[in-house]
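Working notes, beginning with the structure itself.
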Amino acid sequence: MRSVTTDLHRNNPFDLTKASDYSDEQVKEYWVDVGDAQKSLVTFIKPTSLVPMFLLGGKGSGKTHLMRYCSSAVQELRHSNLRTAIAQEKYLGVYSIADGLNVHRFSGKGQTDETWQSIFAYSFELWLAANLLSSLRPALADDELKSAAWSEALIKHVLQFFHVKPETLPRNFDELIEYLSTLRTAVDVAVNNSAITRQLTGITVLFNPGDLVFGIPSVLTQLCAAFQKTVFVYLIDEVENFTEQQQRFLNTLVRYRKGNVTLRIGARLYGVKTEATLGSGEPIKRDAEYERLVLDARLREEASQYETLAARLVLRRLQAAHAGTNISEQSLPEAFAELSTENFHQKIALDIVSSRDATGVERPHLARFRDAAAGLIADKSIVEALVETLRLPEHPLLEKVNLLAFYKRISRGVDVLALARTIEQDAAALLKSGAAAAPDYYDLYSHFSSDLLAQLYRDYGRKPVYAGFKTLVRLSQGVPRNLLSLLKHIHRRSSFGGEAPFVRGKISVEAQVHGIYDATEWFWEDAQPDEHGSLVRNAVEQFATLARSIRYSDSPSECDLCCFLINPETLENMSAQALKMAENWSFLLRVKGNSGAKNDDRVLTKYQINPMLAARWGISESRRGAIELKKEVADLLLSGADPAGAQQAITARTETMYLPRLLEANLVARTNPGQASLFDGN
Amino acid sequence: MELWDALITRLVTLDERVWEGKASGPAVSSWLDNFSGRTGATADLERLHALYILSQFMYFGSQEIRVLLRALYRELFLLPLAQRVRAETSDTAEFCKRMEEERSATRFLGVGNPSESGVHLLYYFRQENGLSKGAFLDSAQIYDLTDVGGQRKRVPRHPQVKRYVFLDDICGSGETAIRYSNNLLPELLAEQPEVEVWYFALFATSDGLRRVVNGTVFGTCCGAVYELDETYKWTGLKSRYLSALPDGLHRSLLTALPLTYGSMLIPGHPLGYQESELLLGFSHNTPDNTLPIIWFEQEHGTSTTWYPIFKRYPKV
């Protein structure tokens, strides 16, 4: 019985690694794509397009991996030779990560914001220029590097950008890089010591902003025929680390982009703090001056491409761990056990109820129905007849459909026994002849089966099931790190359960369920929405509580509810901020396209609770149902200002979906709600 | 349900990170099946409580044992020795020379015969502390047998040795040290009263150490890297395990469970040897001072069917 400790058990193939920690070789080795060269992820950021782009995305959406894949170091690895790579790919990727610049040094210390803005811009440009030359160096031919005339021409042209020439001129390409690095080091020394000296002495700004960033590529194009058609792409990553002032400089570079140079700017969803530029502060204009790509949103839109990417990602990880060598993209889903939907989930539903059935205790949904009906119907024989007519012992899920159909169709004046008999006949027809024999009944089943199954699990003290590779892909929502986290936790649960994931047999549903719950907790804890954490978490909790209250009610108004329609423009400040932060931290996803309100022509925005969090509250991961939240309710749920009011709003919204109010509301005359015996069964 | 899931989640992490994969899900399930409602509580409730007991189990894997062996050598042996030598000389060269002399006049011995855990640790102790083979002895090698007046008599075999250091993995009741003190060492100390005898364990209960100090020739020359005070006794009034329980757990059942089943398994010592009530185990073995519900196995001589979670390899 004891499990053997295997290497695979110890070395989980899905342990999380950030792309920023990869070596260039690992960036290439772990790269997976959504398709061939024409459909590559690289085409998402259009490296040969001169239009600058902001590449945004949630944590782990693959921005860094994508940007580093386009860097010169990895270009060289792809083609064995950078010059060949540039010739074929027609761009040179100059990758720089903002984290390395330690940007928070450029503030305070007794200096004005204006001073820091200039110093930062100067230091940043020196950094980019040195990175550019270092990135390009492997692509230069020996005869260029060793040619005194070529070096002299290059240095002469580059130094033209400088207002003051160095005392000792650089003599070759390497010395030019060194010269730029020395200048930047001098700035670093002055900046770092200004905390002590309260002065910024010894810094002379030697060139105009943008001259090196845009000028040097132009010089290189003139001097090297091989680069005449090359696009020089500055890939600047983790820009969320920049302050607003610093981002203004970046935006200015975007606005005044020149020649064969462009920028790709990577940041978290919340990372862009301003669109303003230096000087007048006029914002850069989306689509006219720059493009914006949200990587995970794009992958969500390209669902089939993301599914391919996900499968390849898994296979690459398994390959690196020397596991699952017999698994292909096509056969990967077979490694995961799934719930059988056969015969209307009969087997699963019977598995859930069988042990309690054996004790003779009434099924909870029937017991609730009997109690509620008995409170309204004086004639107990009618209550019993209803229960017996709707009871379907061999099909517990359809039994719940029977009840739901009853709740949905009941109204005052209806002959309830006749209604129950009709439902009974529908169920029998469905079982005997299929969907066409009872189309309305089947429609109800197909809409609500996952909700009713989740209810069944919960009523019997078990967790609702999320299982299967497609489900995992859907849960990860275009974010590869989410997928890896899910698989990591599933793998450890499976190993603990004595299984051999991806080696022998299928990964059990149980291991998947527990792994998904673990990953959900990780996701919830991993996002740290700084000082707004409690506000954001509260807002999402309230949304989820409402969705859960509806899902687990006796008669849910919507199926698979995880979306809300809101008009963000009408919200109070605090609520709007909570909504924005929840979106920035990917707790809520904005669903593309706007929706009209049901009863008028207002345009609403649809938000989905991130499916990565669905298991936390046992809500649906599928985006089907959505409900509109009026301003007052949305404010109560989002602002956190009135927890009791929020709870009241949820109760008010859902109380008629629950027994006994559900029956009361449909059977009792509204004019006389206190009347006890109102129903005679006819 | 939530508590059960939380405990299982804890076990997954423990098994993955600490227990070296020795208590996987199927093994835990088999162990839980031992609990059948004998305490009067339902089997499910007993199993929930058993799960909590297991979640508190302290396991020391091979890496941890190696680190502890280094700590034992440095903290319990080398530093006190260095302090003593330093007190006698302030000259660094002289100090180094004296330390070398002291080290070479020291022998380390495992407690028990060569197949037992105390001796088993010597191999790793030597490796971790960079010691030579010559620094170790088997306890039988302390003496030579000579013929005195027609009678066989044990005499010290290594008169140049000034210090014998006995090592053990755990000192529970202190009985092993007492036995060594009474049976092995009297003749040595009679012949060489100046010889020092030390006794060190990786783990020791406070009670056990007290008995060694007060009732053996080791006296105060004993110690442990990890001293287990009364809070480590499972059912003790000051039990650290039972002081703050999650909702859904009952102190009374947590104390009744190991006692009820322990009485069935080992009637004389239901809570571990000499009622030690410990809850720890090592990669090389689980001590009998640990609650028997953890380690008892059917082969131990009774007809009781029991599936251990951390097996004990007994002294037969």
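The values are calculated or read from the model by the stated rules, or taken from the named source; none is laboratory data. Note that the coordinates shown come from a computational prediction; the quantities given were computed from them, not determined experimentally. Neighbour counts are summed over all protein chains in view; Cβ atoms, including those assigned to glycine, are modelled from backbone coordinates with ideal geometry.
Return the residue satisfying two criteria in turn: it lies in the stretch A:89-110 and is in contact with a Lys or Arg (Cβ under 9 Å, 6 or more places away or on another chain) and surrounded by fewer than 17 Cβ atoms within 10 Å (Cβ to Cβ), and of such residues it is farthest from A:THR243 (Cα to Cα).
Among those residues, the one meeting the criterion is A:LYS90.
For B:TYR226, work out the one condition from (1) surrounded by fewer than 22 Cβ atoms within 10 Å (Cβ to Cβ); (2) touching a residue at least 40 places away in the same chain (Cβ under 8 Å); (3) outside any strand (DSSP E or B) it doesn't fulfil.
For B:TYR226, the exception is condition (3).
Any idea which residue in the stretch A:498-516 is surrounded by the most Cβ atoms within 10 Å (Cβ to Cβ), counting only those that are within 12 Å of chain B (Cβ to nearest Cβ) and over 12 Å from A:LYS488 (Cα atoms)?
A:GLU499
A:ALA73 is checked against (1) within 14 Å of chain B (Cβ to nearest Cβ); (2) at pLDDT 95 or above and fails just one. What number does that condition carry?
Unmet condition: (1).
If we scan the stretch A:328-342, do we find a residue that is under 30 Å from A:TYR441 (Cβ atoms) and in a helix (DSSP H, G or I)?
Checked against the condition, which is being under 30 Å from A:TYR441 (Cβ atoms) and in a helix (DSSP H, G or I), the stretch A:328-342 yields at least one hit.
So, A:LYS606, is that one at pLDDT 90 or above and farther than 23 Å from A:LYS59 by Cβ or not?
no
To keep it simple, each residue is scored yes or no on (1) on the phi < 0 side of the Ramachandran plot; (2) surrounded by 20 or more Cβ atoms within 10 Å (Cβ to Cβ); (3) in a helix (DSSP H, G or I).
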| site | (1), (2), (3) |
| --- | --- |
| A:TYR122 | yes, yes, yes |
| A:ASN131 | yes, yes, yes |
| A:SER135 | yes, yes, yes |
| A:ASP143 | yes, no, yes |
| A:ALA149 | yes, no, yes |
| A:GLU152 | yes, no, yes |
| A:HIS157 | yes, no, yes |
| A:PHE161 | yes, no, no |
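Kindly evaluate A:ILE382 against the criterion of being touching a strand residue (DSSP E or B) at 6+ places or on another chain (Cβ under 7 Å), more than 15 Å from A:LYS400 (Cα to Cα) and in contact (Cβ under 8 Å) with a residue 40 or more places away in the chain.
no
Take A:THR471 and tell me if it is among the hydroxyl-bearing types (Ser, Thr, Tyr), surrounded by fewer than 24 Cβ atoms within 10 Å (Cβ to Cβ), more than 14 Å from chain B (Cβ to nearest Cβ) and free of Cβ contacts under 8 Å to residues at least 40 places away in the same chain.
When the stated conditions are applied, A:THR471 does not pass them.
Given the structure, is B:SER139 within 22 Å of the chain's Cα centre (by Cα) and of a type in the set (S, T, N, Q)?
Against the criterion (within 22 Å of the chain's Cα centre (by Cα) and of a type in the set (S, T, N, Q)), B:SER139 qualifies.
Of the conditions (1) surrounded by fewer than 19 Cβ atoms within 10 Å (Cβ to Cβ); (2) over 30 Å from B:TRP306 (Cβ atoms); (3) among the hydroxyl-bearing types (Ser, Thr, Tyr), B:TYR73 fails just one. Which one is it?
B:TYR73 satisfies every listed condition except (1).
Does the stretch B:109-124 include one or more residues that are charged (D, E, K, R), out of contact with any Cys (no Cβ under 6 Å at 6 or more places or on another chain) and not in a loop (DSSP other than H, G, I, E, B)?
no
So, of the residues in the stretch A:474-497 that are within 11 Å of another protein chain (Cβ to nearest Cβ) and touching a Pro at 6+ places or on another chain (Cβ under 8 Å), which turns out to be nearest to A:SER354 (Cα to Cα)?
Taking the candidates together, the pick is A:GLY497.
Residues to consider are A:ARG474, A:ARG462, A:ARG492; find the one that is farther than 20 Å from A:LEU339 by Cβ and either under 27 Å from the mean Cα position of the chain (by Cα) or not in a helix (DSSP H, G or I) (or both).
A:ARG492
Filter the stretch A:580-596 down to residues that are in contact with a strand residue (DSSP E or B) (Cβ under 9 Å, 6 or more places away or on another chain) and more than 19 Å from A:ALA614 (Cβ to Cβ) and give me whichever is modelled with the highest pLDDT.
Looking at residues that are in contact with a strand residue (DSSP E or B) (Cβ under 9 Å, 6 or more places away or on another chain) and more than 19 Å from A:ALA614 (Cβ to Cβ), I get A:ASN584.
Considering the stretch B:24-38 alone, what residues qualify as being under 19 Å from B:PHE282 (Cα atoms) and either modelled with pLDDT of 95 or more or more than 11 Å from chain A (Cβ to nearest Cβ) (or both)?
B:ALA27, B:VAL28, B:TRP31
Listed residues A:ALA539, A:ALA544, A:ALA519, A:ALA527; which is buried (at least 19 other Cβ atoms within 10 Å of the Cβ) and within 14 Å of chain B (Cβ to nearest Cβ)?
A:ALA519
Of the residues B:THR220, B:THR286, B:THR290, B:THR205, which is without any contact (Cβ under 8 Å) to a residue 60 or more places away in the chain, polar (S, T, N, Q), in contact with a helix residue (DSSP H, G or I) (Cβ under 8 Å, 6 or more places away or on another chain) and within 19 Å of B:GLY118 (Cβ to Cβ)?
Answer to the check: B:THR286.
Out of the stretch A:11-29, which residues are buried (at least 17 other Cβ atoms within 10 Å of the Cβ) and part of a loop (DSSP other than H, G, I, E, B)?
The answer is A:ASN12, A:PRO13, A:PHE14, A:TYR22.
Criterion first (surrounded by 21 or more Cβ atoms within 10 Å (Cβ to Cβ) and within 14 Å of chain B (Cβ to nearest Cβ)) does A:PRO464 satisfy it?
Yes: the conditions hold for A:PRO464.
Check the stretch B:151-168 and report whether any residue there is part of a helix (DSSP H, G or I) and either under 26 Å from B:SER62 (Cα atoms) or of a type in the set (Phe, Trp, Tyr) (or both).
No, that holds for no residue.
Looking only at the stretch B:145-196, which residues are at positive phi and crowded, with 18+ Cβ neighbours inside 10 Å?
Residue satisfying the conditions is B:GLY174 alone.
Only one of these is closer than 18 Å to B:MET58 by Cα, within 12 Å of chain A (Cβ to nearest Cβ) and in a helix (DSSP H, G or I): B:GLU20, B:GLU16. Name it.
Within the list B:GLU20, B:GLU16, the selection yields B:GLU16.
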